[in-house]
Amino acid sequence: ATPHRRRPNARTRRARARNDRTNRIARTRLMSLRGVTQLRALRLIYCDHTGSSRGVQHFVASGGFDTLRAKLASSPSTEVRAEIRRGGDPHVIATYACGTTKSVGLKNATAEATATQCEWLRTEKGKPGSKPIKSRHFTKHPSVQGQWTPFTFGDGAPYDADAGQA
């Protein structure tokens, strides 16, 4: 027996649609730092013989690769190549301005999945993601003595200067 899945309510469906729309809009822009596009090279490597490359072969033959190349033609520093390498699984390698390379396997991927992965790599910055900001801890019982300062325990100049003059 399969477990019963609840059908999402209208509010959940609206939220998912809003998130999908936002992600689609955010992903269509080319990522850049200070106006400089970060992608330097995009290499699509596949085999013309094996069956695991069938989707990538269709992507290249149907003109998907040419449209990707046309999108990237606006930035002259970006190099786009499709290479045939026999006997291996297909993958795409992206090289970024900061020196990082990202490789994504495309084994048994459809032409649409290949286009999506290339688009994701095209819009990446190439940097590792930053850590989320941790929320600060606030106590339930604040100090009665007051906030700590460098002079709290009497080692500082402001308290000694007043005591020495008296």
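A short reminder: the numbers here are calculations on the coordinates, not readings from a lab. For clarity, every value in this text was computed on a predicted model and none was experimentally measured. Cβ placement follows ideal geometry from the backbone for every residue including glycine, while neighbour counts extend to all protein chains displayed.
Estimated at 0.36 nm per residue, the fully extended path between residue 101 and residue 54 surpasses their Cα-Cα distance by 14.5 nm. Computed packing ranks the peptides 100-109, 139-148 as 100-109, 139-148, most packed first, by mean other Cβ atoms within 10 Å.
The slack in the chain from residue 138 to residue 86, taken as 0.36 nm per residue of separation less the alpha-carbon distance, amounts to 12.7 nm.
Taking Lys and Arg as +1 and Asp and Glu as -1, the other residues whose beta-carbon sits under 12 Å from that of residue 61 total -1.
Taking a straight line from the alpha carbon of residue 102, these lysines sit under 26 Å away, with near neighbours fewer than eight places off in the same chain left out: 71, 125, 127, 131.
Computed from the Cβ-Cβ distance with R0 of 22 Å, the FRET efficiency linking residue 62 to residue 41 stands at 0.45. Dividing the radius of gyration of the alpha carbons in region 35-122 by their Kirkwood radius gives 0.96 for Rg/Rh.
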